[in-house]
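Scroll down for the structure; my scribbles are underneath it.
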Amino acid sequence: MINPLRGMKDLTFEESERFHFIVDTATTIAKRYGYGYIETPILEETALFKRSVGDSSDIVSKEMYQFEDKGGNDVCMRPEGTAGVVRSFVHAKLDRQPMKQKFYYYGPMFRYERPQKGRLREFHQFGCESFGEESVYEDFTIITMISQIFEALGIGFDLQINSLGCTTCMPPYKKNLVGFLTEIKEELCADCNRRIDTNPIRVLDCKNETCQSLLVNSPKLINNLCEECDSDFKKLTALLDNAGISYEVDTNLVRGLDYYNKTAFEFVSNDIGSQSAIAGGGRYDKLVEFLDGKPTPAVGFAIGIERIMELVKMPESTREGIYLGAMVEDAVEKLFALATKKRKETKVTVEYNSKGFKSHMKGVDKANARYAVLIGEDELKNSTVWVKDLESKEEKTVALEAF
Ligand code: HAM
């Protein structure tokens, strides 16, 4: 027997219903906010992710499904969705159009991580990317949209926010931070030591407890933002307060991808174990430019579908469609024309074997059908069908032609 690869899963039965309920719910809400569907290739040039997600990030340095294709190209299975959407945006020259553009997507992402509960090597995201809007109102609107999606799915969450500043306030802060980190270097873990040189702000979200205790007194960017970033962040928190969306400012929230500036956020759940981030995102005003487009402010997010699968409150399943069955062999063939006609309007389950009444009624329950439609000897003779509405319990005999 051939098993799926480690960290990869089939999506079947009840789980696939949950998956599509999540995607459908998120799609409906994203469309209300003006987002249109975009699909980009799963395979992209490796350079795309190196330049956007960042060479020094764990995703790029350790977790990429990267290989040489038969034409000798260095390619990679996408580890996330934003880079491909930005590449597509620039490729289609949308950066040269004055209007704002908003895209939503869903699909598989690949990261060669150590699999555990809530952490897969192939997982699915639902994401949105909004281009051309520099106002912090858009950051607020996106956070509101995610809250609405989780509310519609019946999922509780904690929201953590931070500001990662901009090209004015981040460089002097980084210098200051490196100074602080160099002094406590000896006591920090090996990963942190490596990051001091490659990506010092990532030290802030090290999961090692000793490192965290040493970082309590580290300089905080939130206290060193430039005027514009500070005013934007205050506006964002005021808007969230007004809207009654509770949040926590987490000064160590830096995100695992290098393209963010200003607003960064994560939605977490306390009900799913250690892999608690159920959505993440933020602003990335320099990425379009970085991928050779015209400067275009942008903000977006992605929800991890597998992480919220168990949390979703599914609507109660209601009886739907028709179950067709025959109680005499000769009537079986009558069912097919009827099934084809009715399938233009509703779901139809056909039982190919002639059976007794009780056995058919069990089939009706199993198919969760609203209507039982049976043809017995009398119905065959009179060209009628027997119909029972399982909700109103009403029973009647109708002409086959009229049904
Ligand atoms: P991310 O935080 O890397 O952001 O991923 C978003 C979500 O994907 C996470 O919050 C988590 O729920 C889920 N996720 C990540 N890795 C795994 C995994 N190995 N197994 C299962 N679920 C996982 C991004 O990917 C950004 N592109 C989000 C974004 C869009 N920012 C701006 N626009």
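The values are calculated or read from the model by the stated rules, or taken from the named source; none is laboratory data. Bear in mind the structure is a predicted one, so any value in this text is a computation, not a measurement. Don't worry about glycine lacking a Cβ; one is built from the backbone with ideal geometry, like all the others, and counts go over all protein chains shown. All accessible areas refer to the heavy atoms of the entire protein, side chains included, with ligands and DNA or RNA removed. Shrake-Rupley method; radii C 1.70, N 1.55, O 1.52, S 1.80 Å.
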Item to check | Candidate set from region 120-170 (those that are open to solvent by 40 Å² or more (accessible area, probe 1.4 Å) and part of a strand (DSSP E or B)); member that is nearest to the ligand (Cβ to nearest atom) | outcome: 122
Item to check | region 1-19: number of residues that are surrounded by 14 or more Cβ atoms within 10 Å (Cβ to Cβ), in a helix (DSSP H, G or I) and of a type outside the set (D, E, K, R) | outcome: 1
Item to check | Among the candidates 234, 175, residue that is charged (D, E, K, R), under 21 Å from residue 286 (Cβ atoms) and open to solvent by 70 Å² or more (accessible area, probe 1.4 Å) | outcome: 175
Checklist outcome for this item: region 286-403: helices (runs of 4 or more DSSP H) wholly inside it with 3 or more residues that are in contact (Cβ under 8 Å) with a residue 24 or more places away in the chain, under 30 Å from residue 87 (Cβ atoms) and not hydroxyl-bearing (Ser, Thr, Tyr) are 287-290, 305-309
Item to check | Residue list for region 53-108, filter: touching a strand residue (DSSP E or B) at 6+ places or on another chain (Cβ under 8 Å), of a type in the set (Val, Ile, Thr) and either outside any helix (DSSP H, G or I) or farther than 17 Å from residue 35 by Cα (or both) | outcome: 75
Checklist outcome for this item: Scanning region 262-275 for residues that are open to solvent by 20 Å² or more (accessible area, probe 1.4 Å) and touching a Lys or Arg at 6+ places or on another chain (Cβ under 8 Å) gives 262, 266, 273, 274, 275
Checklist entry - Given (1) assigned to a helix (DSSP H, G or I); (2) within 16 Å of the ligand (Cβ to nearest atom), where does residue 222 come up short, assuming only one miss? => result (2)
Checklist entry - Restricting region 253-286 to residues that are within 19 Å of the chain's Cα centre (by Cα) and among the acidic types (Asp, Glu), which is nearest to the ligand (Cβ to nearest atom)? => result 266
